[in-house]
Amino acid sequence: MNFVSNLFFFFLAIIASFWISGFWIAHTFTPSSSYQPLEVIDGAGLYKQQLTDGNEAYLQVIDLHKMQIDQLVGEVDNMGLEQGKYYQGEGEYYSPFFKMKLFEEVTDEYKELYGDTVFSLINCSFFEQYKSSSQLSFPIKFNGEVITAGHSPYGPVSEPADKFYSDIRLKALVWDDSAAYITDYEPISGSPLNQSSVKNAIVSYQYSDHPAKVLGKNQANRYHVIGTLDFDGIKGDELLLIMTVNRATLDEAADLLHQLGVKGDIITIDGGSSTYLFNSRKGNIILPQPANQEDNPVFRKLPHYLGFRTKGKNLVSPLIKVSQPAGKVQLEEKKPYLILWRDNLDSDVTIELNNGTERVQVISSRTASDGVYEWMPQSPVQEGYSLRISSLKNRRIFGTFQLK
């Protein structure tokens, strides 16, 4: 009898374990049959749905338990000191100018760093200027560092470009290794970006507050809209749903997510002529378009992207990638400067200030290989100085760029 009883409780424990881990219920999200699968892997799926008038919608389903999200940001030339508008008080933070990077360059580099693990890329944050470098519209937190307070006139600032934006609620999309959520953003405190537990976040519009809807009369255009979804039955939304429409209104795009079960807030990120969608199997699906009839490459350059790849061991050789900022780097003594790079290392890096081949200063003898470091020069930086980011394990793996 004891044996039977123990066996019963043994199987009960197994069942409970599966239930808790989320495997007892279905753990693969599949949209309705109207969505044609283009690429489906363990942890992510890309689907296409035909809309009216020959238009298309593309759905990406990203499982954060199995997929990594990377923010890909252009290098900084000008920090835009005290120009920030949306983090811990207007004019109290910086709003840097990030290099505008050609989508093909970003995609090729991402594949070089992560090889077959790459699933997709999209453009992300709204930006301010179609120039060689650009300020971003709203705050971003990148691997634990708030890298911009934003600079848009179309938001809750003292003198917005339109009175509608004087008291709107901006939204923050926050994610980690297992879950994501969208919540209200508080410009005065910086919440939730001011929380140490928040490592990655972007601030944007609730879809219904986007200028294309409010001021542009809800025009049909290209858009990315994003929502989150709990699917495994455990508290916390672990699925990121990204809907990219080729030509539809924001209401129509958001309604597609509602039909898929998204109940919370839905945000929109940079779209219109800048819309970009790449998939490793299908290639370039939607490309940024020039603002005029001439194919001017400047309109295909963007400052901020999101990349999606499978977690796990990277089989590509270790690399550090950094490019020269778009303009002459403007440094001020005892003022912050953001050092940005991309790498696929499994160890920390060292950051040095060099004059040719001669080391001038060790800026950081050891820091995480997470692509961002805020540096405060304590003395003037001389002509010809450069920055070198190198692997702590192997100094032959490095990236450099000139400061002045």
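Give, as a single signed number, the net charge of other residues whose beta carbon lies under 15 Å from the beta carbon of Ala248, with Lys and Arg counted +1 and Asp and Glu -1.
0
Rounded, prolate or oblate: pick one for the range 243-368, where a ≥ b ≥ c are the square roots of the eigenvalues of its C-alpha gyration tensor, a/c under 1.5 means rounded, and failing that, prolate if a/b is larger than b/c, else oblate.
Judged from the Cα gyration tensor, the range 243-368 comes out prolate (a/c at least 1.5, a/b above b/c).
Quick one: dipole size for the chain, taken about the Cα centre, charges +1 on Lys/Arg Cβ and -1 on Asp/Glu Cβ, in debye to the nearest 20.
It comes to approximately 680 debye.
To the nearest 20 Debye, how big is the dipole of the range 335-404 about its Cα centre, given +1 on the beta carbon of each Lys and Arg and -1 on that of each Asp and Glu?
With only Lys, Arg, Asp and Glu charged at Cβ, the dipole is about 140 debye.
Identify, among Gln259, Gln219, Thr275, the residue whose Cα sits farthest towards the positive end of the charge dipole of the range 158-276, taking +1 on the Cβ of Lys and Arg and -1 on the Cβ of Asp and Glu, with the dipole about the Cα centre.
Going by the Cα projections, it comes out as Gln219.
Which order do the peptides 248-259, 146-157 come out in when sorted by mean C-beta neighbours inside 10 angstrom, highest first?
146-157, 248-259
I need the phi-derived Karplus couplings for the range 323-333: 6.51 cos²θ - 1.76 cosθ + 1.60, θ = phi - 60°, integer Hz, Gly and Pro marked x.
10, 5, x, 5, x, 5, 5, 9, 10, 10, 4
Choose one of Gly312, Gln71, Asn55: the residue whose Cα lies farthest towards the positive end of the charge dipole of the chain (beta-carbon charges +1 Lys, Arg; -1 Asp, Glu; about the Cα centre).
Projecting each Cα onto the dipole axis, the largest value belongs to Gly312.
Springs between alpha-carbon pairs under 10 angstrom, Gaussian network model over the chain: which of Leu113, Leu81, Leu173 fluctuates most?
Leu81
With the cut-off at 28 Å, tell me which of the pairs Lys99/Lys171; Lys85/Lys313; Lys263/Lys301 have Cα atoms farther apart than that.
Flagged as over cut-off: Lys85/Lys313; Lys263/Lys301.
Assign one of three labels to the range 320-402, namely rounded, prolate or oblate, based on the Cα gyration tensor with a ≥ b ≥ c the square roots of its eigenvalues; rounded applies when a/c is under 1.5, prolate when it is not and a/b is larger than b/c, and oblate otherwise.
Prolate, since a/c reaches 1.5 and a/b exceeds b/c.
Using mean Cβ contacts within 10 Å as the protection proxy, how do 177-185, 46-54 order, highest first?
The densest-packed peptide leads the list: 177-185, 46-54.
With respect to the cross-link table entries Lys66/Lys217; Lys48/Lys163; Lys199/Lys321; Lys66/Lys328; Lys217/Lys335, which display a Cα-Cα separation exceeding 32 Å?
With Cα atoms farther than 32 Å apart: Lys66/Lys217; Lys48/Lys163; Lys66/Lys328; Lys217/Lys335.
Suppose a student asked you for the relative contact order of the range 129-186, using Cα pairs under 8 Å spaced at least 6 residues apart; what percent would you report?
The normalised contact order for the range 129-186 reaches 18 percent.
Compute a Gaussian network model of the chain, connecting alpha carbons closer than 10 Å, and tell me which residue from Lys141, Lys235, Lys301 fluctuates the most.
Maximum fluctuation in the GNM of the chain, among the listed residues, is at Lys235.
Taking the alpha-carbon distance from Lys334 and a cut-off under 18 Å, which lysines remain once sequence neighbours fewer than 8 residues away in the same chain are dropped?
Here the lysines satisfying the reach criterion relative to Lys334 are Lys404.
I need the calculated FRET efficiency for the pair Ile234 and Glu333, taking r as the beta carbon distance and R₀ as 51 Å, to the nearest 0.05.
0.50
Taking a ≥ b ≥ c as the square roots of the eigenvalues of the Cα gyration tensor of the range 36-310, is the shape rounded (a/c under 1.5), prolate (a/b larger than b/c) or oblate?
rounded
Give, as a single signed number, the net charge of other residues whose beta carbon lies under 12 Å from the beta carbon of Phe398, with Lys and Arg counted +1 and Asp and Glu -1.
Net of charged neighbours comes to +3.
Every number here is computed from the coordinates shown, using simple stated rules; none is lab data. Keep in mind that this is a model prediction, so the values were computed, not measured. Neighbour counts run over all protein chains shown; Cβ positions are idealised from the backbone, glycine included.
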